[in-house]
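Quick notes on the structure that follows.
The values are calculated or read from the model by the stated rules, or taken from the named source; none is laboratory data. No experiment lies behind these values; they were computed from the predicted model shown. Heads up, the Cβs are rebuilt from the backbone with ideal geometry, glycines too, and the neighbour counts pull from every protein chain shown. Accessible surface is based on the protein model in full, side chains and every heavy atom, while ligands, DNA and RNA are left aside. Shrake-Rupley method; radii C 1.70, N 1.55, O 1.52, S 1.80 Å.
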Amino acid sequence: WSPELSSDLYRIDGWGAPYFTVNSSGDISVRPHGTDTLPHQEIDLLKVVKKASDPINSGGLGLQLPLVVRFPDVLKNRLESLQSAFDYAVQSEGYEAHYQGVYPVKCNQDRFVVEDIVKFGSGFRFGLEAGSKPELLLAMSSLCKGSSEGLLVCNGFKDAEYISLALVARKLQLNTVIVLEQEEELDLVIDISRKMAVQPVIGLRAKLRTKHSGHFGSTSGEKGKFGLTTTQILRVVRKLKESGMLDCLQLLHFHIGSQIPSTELLADGVGEAAQVYSELVRLGAGMKFIDIGGGLGIDYDGTKSSDSDVSVGYGLQDYASTVVQAVRFVCDRKNVKHPVICSESGRAIVSHHSVLIFEAVSSTTTRSQELSSMSLHSFVEKLNDDARGDYRNLSAAAIRGEYDTCMLYADQLKQRCVDQFKDGNLDMEQLAAVDAVCDFVSKAIGAS
């Protein structure tokens, strides 16, 4: 065995890159600065766990498992990588505005995480997104120490107390945007802002036609739970105009769905949203920002597949370039000034930065029955014609050394025997025997 075989078995260079690898000792090693990590900066995770869990009298910290180990430098690198990807796309595409992200607090509400994101992101105007009153209070407290240009995006259901709190944040000179997710929220915003004598900045969440059909796409499409339809958007614009507050409408928000699998779907959704943005400009709104929501996916299994719910078929740079191109194309065609692009990429920012360590409390091993030549002969005799044909083909492939073909016929044989058992034509001993045959084939092929 070797560290290389470990890395290959667990696909760590697929799902873990560029932050996790297997070092020369065979342990998981963390690269806190991604590809820029120097050899002496790598962190052996086993040594960290040992130091944390060893008794205090042995020089350890005496902590009990399970443990959550956080790596703030990974968080910093993720923020910088996201910003860098959009900066490059903006420059290479000739885009005439900038990118500034917001972190959705719901992804990880740990105070240290939120404060680190504000600290690390202050140099490039990174803000926060809140979806509830407790999150809004946390975001207000944290952003007071961040960039004055960082957005405080207020999403979620809004009652009078939530809206009052958001307007207090605006009084505190925080760059607060109240995003309408339901049409009736507008009346509250207009009424409370007048009572508090605060000029609000308003956004609205559009319910796009573009639908993400995967596991994480239930909140997308025109039948999604959140956002305003085209008709509702027009009514909001009309009401703001009648109230003399149309210039307060400055942000368009949408969300295609989490874990967007492909850049094709992303381009389709962003392009549709850019059309809505351009129409709002035409209608006289004081538009400045387009917030593309979340959706930047993580390749959890390392397959780089757009057909999987736990993977994505693109990288960080592909994502940023697709967004910038889609917005620029529509705005140029409509002769609309390029908006500031925002995103709420929570999963992509925090996923790599913490590791849960827990003890293995037990283990199981599967031991198949031993097959003698006599019992094997008895097993084959009870098979139906199709299954017996699979067994003969399996034997012939094994003699020829065609291992992939062996596995194919072993799987077919097992399925036919399961079908026979369900039909009542095979007893449990025979079913156990086919498991033994297939396990033997698998082990023999693995050994070779």
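Here the gap between SER395 and ASP191, fully extended at 0.36 nm per residue and compared with their Cα-Cα distance, gives a gain of 65.4 nm.
Amide H to amide H, with H built 1.01 Å from N, ASP301 comes under 5 Å of no residue 5 or more places away or on another chain. With no solvent and one equal point scatterer placed on each C-alpha of the stretch 264-390, evaluate the Debye formula and give log10 I(q)/I(0) for q = 0.13, 0.16, 0.19, 0.20 Å⁻¹, two decimals. Relative scattering, expressed as log10 I(q)/I(0), comes to -0.71, -0.90, -1.07, -1.12. Against the main long axis of the alpha-carbon atoms of the chain, helix 385-400 sits at an angle near 90°.
State to the nearest 20 debye the size of the charge dipole of the chain about its Cα centre, where the only charges are +1 on K and R beta carbons and -1 on D and E beta carbons.
Numbers: 46 positive and 57 negative charges, 363 e Å.
With only Lys, Arg, Asp and Glu charged at Cβ, the dipole is about 1740 debye.
Only DSSP H runs of four or more residues enter the estimate; each adds -39500 (n - 2.57), and after division by the residues of the chain the mean residue ellipticity at 222 nm equals -15000 deg cm²/dmol. For the stretch 75-88, backbone phi angles converted through the Karplus equation (6.51, -1.76, 1.60; θ = phi - 60°) give residue-by-residue couplings of 4, 4, 5, 5, 4, 5, 5, 5, 4, 4, 4, 6, 4, 5 Hz, Gly and Pro being listed as x.
With the cut-off at 1.5 for a/c, could you classify the stretch 70-353 from its C-alpha gyration tensor as rounded, prolate or oblate? It comes out oblate by the Cα gyration axes. Heavy atoms of the protein chains alone define the surface here; on that basis the chain has 51 Å² accessible area per residue at 1.4 Å probe size. With both labels modelled 7 Å from their Cα along Cα-to-Cβ, the THR405 to PHE112 distance reads 5.9 nm. By accessible area, using a 1.4 Å probe on protein heavy atoms only, the stretch 126-168 has 62% of its surface on carbon and sulfur.
Residues whose amide H falls under 5 Å from that of GLU129, counting only those 5 or more places apart or on a different chain, are TYR103, VAL105, VAL153, with hydrogens built in the peptide plane.
If we count every other residue with Cβ under 15 angstrom of ALA160's Cβ, Lys/Arg +1 and Asp/Glu -1, where does the sum land? Each step should come with its number before you reach the end.
Details: positive: LYS133, LYS158, ARG194, LYS195; negative: ASP159, GLU161, GLU184, GLU185, ASP187, ASP191.
Summing Lys/Arg as +1 and Asp/Glu as -1 gives -2.
Look at the dipole of the chain built from charges on Cβ: of ALA433, LEU249, GLY16, the Cα furthest out on the positive end belongs to LEU249.
Could you tell me the calculated FRET efficiency between VAL380 and ASP309, based on Cβ-Cβ distance and R0 = 45 angstrom, to the nearest 0.05?
Working: r = 41 Å, r/R0 = 0.91.
Efficiency at R0 = 45 Å is approximately 0.65.
Label the stretch 4-45 by shape, choosing from rounded, prolate and oblate, from the square roots a ≥ b ≥ c of the eigenvalues of the Cα gyration tensor; if a/c is under 1.5 it is rounded, and otherwise prolate applies when a/b is larger than b/c, oblate when it is not. Here the stretch 4-45 falls in the oblate category. The calculated FRET efficiency for ARG70 paired with ARG209, based on their beta-carbon distance and R0 = 51 Å, is about 0.80.
Counting only protein heavy atoms, what percent of the accessible surface of the stretch 371-443 is carbon or sulfur at a 1.4 Å probe? Intermediate results must be reported in sequence, preceding the final value.
Values: 2360 of 4480 Å².
The C+S portion of the solvent-accessible surface of the stretch 371-443 is 53 percent.
Look at the alpha carbon pairs under 8 Å that are at least 6 residues apart: their mean separation over the length of the stretch 1-63 gives a relative contact order of 19 percent.
Any chance you could run the full-extension gain for VAL418 through LEU63? It's 0.36 nm times the residue separation minus the Cα-Cα distance, nm to one decimal. Provide the component values of the computation, followed by the final result.
Values: separation 355, 0.36 × 355 = 127.80 nm, distance 4.81 nm.
Extra length from VAL418 to LEU63 when fully extended: 123.0 nm.
Computed over protein heavy atoms with a 1.4 Å probe, the carbon and sulfur contribution to the accessible area of the stretch 1-63 reaches 57%. Using a cutoff of 8 angstrom between alpha carbon atoms and counting only pairs six or more residues apart, the relative contact order for the chain works out to 14 percent.
If you count the DSSP beta bridges with both ends in the chain, what percent of them are antiparallel, to the nearest 5?
So the antiparallel bridges amount to about 25 percent of the total.
Please determine, in degrees from 0 to 90 and to the nearest 10, the orientation of helix 133-143 with respect to the longest principal axis defined by the Cα atoms of the chain, where the helix direction is its Cα long axis. It is inclined by approximately 80 degrees.
The distance from the alpha carbon centre of the stretch 109-147 to that of the stretch 319-335 is 28 Å, rounded to a whole number.
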